[in-house]
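Q: Below you'll find the structure I mean.
Any read-out appearing in this document is the output of simple, stated calculations on the displayed coordinates, not a laboratory observation. None of the values given here were measured: they were computed from a predicted structure. We place every Cβ from the backbone using ideal geometry, glycine too, and count neighbours over all the protein chains shown.
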Amino acid sequence: MVRRKEKDALELETRRKIYRCITKFPGLHERELAKKLEMPLSTLVYHLHYLEKRDLIMAKEDGRYTRYYPTKKIGARAKEIMSLLRQKMPRRIIMFLLLHPNAYHREICEEVDLAPSTTSFHLKKLVETNIAKKITIGKETMYVINEPETVSDLLITYKESFLDSAVDRFADTWLKFGPQYIRKKTEKKEEEGFSNTFS
């Protein structure tokens, strides 16, 4: 009986640690969680199933990984956005577009240093999930983030969980200049685009 109680207490504490980690760092996949918690993967998976069955956490597939979120702490739309923010290349593109709204496809390629076809692959994911919008002006294609305040809030709120210095730099820039500065850049870029189209 004593051993059973000790086991139950240990399992309870382990689940608490896992739940706290998922609450603090939503959207991590199993291996990321295991590394952060310094826990064997088999042990983690066992407790993840337990927490999921009791509706404390939920799993979401992103096509490559199963990512975990607290059930009631973060909304469905935020989970969808976080799933892409957890991927390095989509995250880089999103941060660039937040700071350079209405960037041309060629500008994005230069920023992320990828082939046009690979860049298009990642941009397509952002457009399909309605995170970004594609704008065609003449022969040029521009992209803009649809909900800049929502996306930037998620980046800034969970910036420690990304372990990415680029996110830290983005947060500093965004907080320094604010969305009003970004809106002005958006309006200026739109005016330039339309001027070039009709000139």
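Q: Between Asp164 and residues 5 or more places away or on another chain, which pairs have amide H atoms under 5 Å apart, with H built 1.01 Å from N, and which residues are they?
A: Correct list: empty.
Q: Could you check the spin-label model distance between Thr173 and Arg77? Points 7 Å from the Cα along Cα→Cβ, value in nm.
A: 2.5
Q: May I ask you to work out the translational diffusion coefficient for the stretch 33-170 at 4 °C, viscosity 1.567 mPa s, via Stokes-Einstein with Rh from the Kirkwood sum over Cα pairs, reported in whole µm²/s? Don't skip to the end; give the middle numbers.
A: Values: Rh = 16.4 Å.
After rounding, the answer is 79 µm²/s.
Q: Moving on to the next point. In Å and on Cα atoms, what radius of gyration and Dmax does the stretch 79-158 show?
A: 11.7, 38
Q: A further question on this structure: Hey, can you grab everything whose amide H is under 5 Å from the amide H of Asn102? Only 5+ residues off in sequence or another chain; H modelled, so Pro and N-termini drop out.
A: Those qualifying (amide H under 5 Å, at least 5 residues apart or on another chain) are Tyr143, Val144, Ile145.
Q: Pop a pseudo-label 7 angstrom from the Cα along the beta-carbon direction at both Glu52 and Lys159 and give the gap in nm to one decimal.
A: Simple spin-label model gives 3.2 nm for this pair.
Q: Hey, what D do you get for the stretch 2-74 in µm²/s if you plug the Kirkwood alpha-carbon radius into Stokes-Einstein at 10 °C and 1.306 mPa s?
A: Working: Rh = 12.5 Å.
For the chosen part, D equals 127 µm²/s.
Q: Please report the orientation-averaged projected area of the stretch 27-113, defined via the convex hull of its C-alpha atoms, in nm².
A: Numbers: hull surface 28.2 nm².
That works out to 7.0 nm², a quarter of the Cα hull's surface.
Q: From a point 7 Å beyond the Cα of Lys134 in the direction of its Cβ, which residues of the stretch 55-92 have a backbone N at a distance under 17 Å?
A: Output list for this probe position: 90.
Q: Quick one: what Rg and Dmax do you get for the stretch 139-178 from the alpha carbons, in Å?
A: When restricted to Cα atoms, the stretch 139-178 yields Rg and Dmax of 12.1, 40 Å.
Q: Run the numbers for Thr141 and Thr66: contour at 0.36 nm per residue of separation, minus the present Cα-Cα distance, in nm. Write out the running numbers ahead of the final one.
A: Numbers: separation 75, 0.36 × 75 = 27.00 nm, distance 3.24 nm.
Gain in length upon complete extension: 23.8 nm.
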